[in-house]
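Beneath this line is the structure, given in structure tokens, with notes to follow.
The values are calculated or read from the model by the stated rules, or taken from the named source; none is laboratory data. Note that this is a predicted model, so its numbers are computed, not measured. Here the Cβ positions follow ideal geometry from the backbone for every residue, glycine too, while neighbour counts run over all protein chains shown. Remember, those area values only see protein heavy atoms, side chains included, never the ligands or the DNA or RNA. Shrake-Rupley method; radii C 1.70, N 1.55, O 1.52, S 1.80 Å.
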Amino acid sequence: MSTYGSLFRVTTYGESHCASVGAIIDGCPPGLVLSPQDIQVQLSRRRPGQSNLTTPRDEKDLVHVQSGIEHGVTLGTPIGLLVKNEDQRPKDYTETDLYPRPSHADYTYLEKYGVKASSGGGRSSARETIGRVAAGAIAEKYLKLVYGIEIVAFVSSVGKIHLPAAVAPPSLIPTEGNEDDDEAQDALSPEFRQLLATITREEVDKHPTRCPHPDTAERMTKRIIRAKDAMDSIGGTVTCVIRNVPSGLGEPVFDKFEAKLAHAMLSIPATKAFEVGSGFRGTEVPGSKHNDAFVEKDGKLGTKTNWSGGIQGGITNGEDIYFRIGFKSPATISQSQETAQYDGTPGALAARGRHDPCVVPRAVPIVETMAAIVVMDQLLIQNSRRTAASLLPPITTLPPTMVMPSKAQ
Ligand SMILES: Cc1cc2nc3c(=O)[nH]c(=O)nc-3n(C[C@H](O)[C@H](O)[C@H](O)COP(=O)(O)O)c2cc1C
């Protein structure tokens, strides 16, 4: 369906070539000072035509606020946001009357609905993500203002070009060598933890690839240009960190925090993989090294290492939350591909239209804003539970082991 969230509820609408795309956001707290510019910043980071590494489709993606905000303040009523589609070229897609585009959603949408948008990717198009990004930008503003929560995503790989091992997410670190040597699988790199703790969007945006390591970013640029020149495409990964999230968010068992993140991230077009914390690397590191021992931090319990990625038992523990998403090589390529028409007749299809040779630079703000929507929803849920519980008389009858020592009577 096109709605995400329970208490911060986002519904997106619009197809790639219709009049407009956008979102209705229900459940935004009233009284938040919010300007169109707060939303526009992330839409502009997502928009096409930003550099020679992205599609040349020229959309300004200016947001028009339809409802829910007056005199720059949210009313607590549904916020309607609209962005016009201005640079559609449906004629670029006439071959697709005959051919379902390989690895696009033309065939599956027709199989499912029996009818589909006449051109472009319809709802499966990345144009749909405008609504999410706009909604998530609102969540980001609230989270930063009230909790100091910071969300920063960056490109961690393009094709086979990865961040250097010291600053790479755990499962990007090559693990060849002595397969019996547990010492080789040592602690989570301090440089990577430092990167997570300090990276800013300004640093990420310094390079059009949105990779924060300049040498690697240059090599990634060359890789994307090589794909483009060969009328081909290439995939990559985006890593994201969420800082200053309070402990206690996440709704076990089916709505564990990482399950909500995975759901949100894997709903972004072109995603093929998700891992949180140590991810697949966690299968290689022995428990004696992988366990995150507790230590006292600022009068609270924290963890010495953070293989868990800030989540244990599906509940946030107050440490940095980090995760990584794999984006496939975009399906639209200009070189001719042998495939079949809807009726099964073999043939060849060469895409016209404009397309991204690699989606990860533009995916960065989409990942950040989807993360913000998840955190916002989970925060509102936990806050409502806490408020309901706080209205009850204190319990004095439980054995002390059943309550936090600090809360024991
Ligand atoms: C920011 C962004 C831009 C995208 N641009 C393109 C593109 O130019 N060409 C393309 O084939 N796919 C592009 N995609 C991916 C397609 O929308 C997607 O692969 C397709 O609709 C099929 O859906 P699926 O990959 O989720 O199965 C983009 C995705 C994102 C997140």
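Couple of notes before you dig in:
- Accessible surface of the stretch 307-395 [probe 1.4 Å, protein heavy atoms]: carbon and sulfur percent: 56 percent
- Structural descriptor for the stretch 308-351: relative contact order 25 percent, calculated from alpha carbon pairs under 8 angstrom and at least 6 residues apart.
- Linear extension gain, GLN50 paired with GLU338, 0.36 nm per residue minus alpha-carbon span: 100.5 nm
- Computed FRET value (nearest 0.05) for HIS263 with ASN383, which takes r as the C-beta separation and R₀ as 22 Å: 0.55
- Rounded to 10°, Cα long-axis angle of helix 257-266 versus longest principal axis of the chain: 10 degrees
- Over the chain: Rg over Rh, Cα atoms, Kirkwood Rh: 1.00
- A straight Cα-to-Cα reach below 20 Å connects LYS297 with the lysines LYS407, residues fewer than 8 places away in its own chain not being considered.
- Along each principal axis, taking the top coordinate minus the bottom one, the Cα set of the stretch 73-166 gives 52, 47, 27 Å in descending order.
- Cross-link partners for LYS300 among the aspartates and glutamates, with Cα-Cα distance under 19 Å and sequence neighbours closer than 8 places in the same chain left out: ASP292, GLU319, ASP320.
- Pairs of Cα atoms nearer than 8 Å and 6+ residues apart set the relative contact order; for the chain it is 21 percent.
- Reducing the stretch 24-89 and the stretch 271-288 to their Cα centroids gives an inter-centroid distance of 35 Å.
- Global form of the stretch 215-271, assessed from the alpha-carbon gyration tensor, a/c cut-off 1.5: oblate
- Rg then Dmax, both in Å and based on the Cα atoms of the stretch 23-95: 15.5, 50.
- The chain: angle of helix 36-46 to the longest principal axis, Cα-based, in degrees nearest 10: 60 degrees
- Average Cα contact separation per residue, the stretch 12-105, under 8 Å, 6 or more apart, as relative contact order %: 36 percent
- For the stretch 189-315, the alpha carbon convex hull comes to 146 Å³ per residue, rounded to a whole number.
- The calculated Kirkwood hydrodynamic radius for the stretch 287-409 is 20.3 Å, given to one decimal from all distinct C-alpha pairs.
- Maximal additional length on extending the VAL115-THR401 stretch stands at 97.0 nm, based on 0.36 nm per residue less the C-alpha distance.
- Per residue solvent-accessible surface (Å²) - the chain, probe of 1.4 Å: 48 Å²
- Expressed as a whole percent, the accessible surface of the stretch 1-115 that belongs to carbon and sulfur atoms is 56, based on a 1.4 Å probe.
- Top of VAL238, VAL41, VAL83 by mean-square fluctuation, Gaussian network on the chain, Cα under 10 Å: VAL41
- Projected area averaged over orientations for the stretch 362-409, convex hull of C-alpha atoms, nm²: 4.8 nm²
- GNM flexibility winner over the chain from ALA227, ALA126, ALA363 (Cα, springs under 10 Å): ALA227
- Cα-centred dipole magnitude for the chain, charges only on beta-carbon of K, R (+1) and D, E (-1), debye, nearest 20: 860 debye
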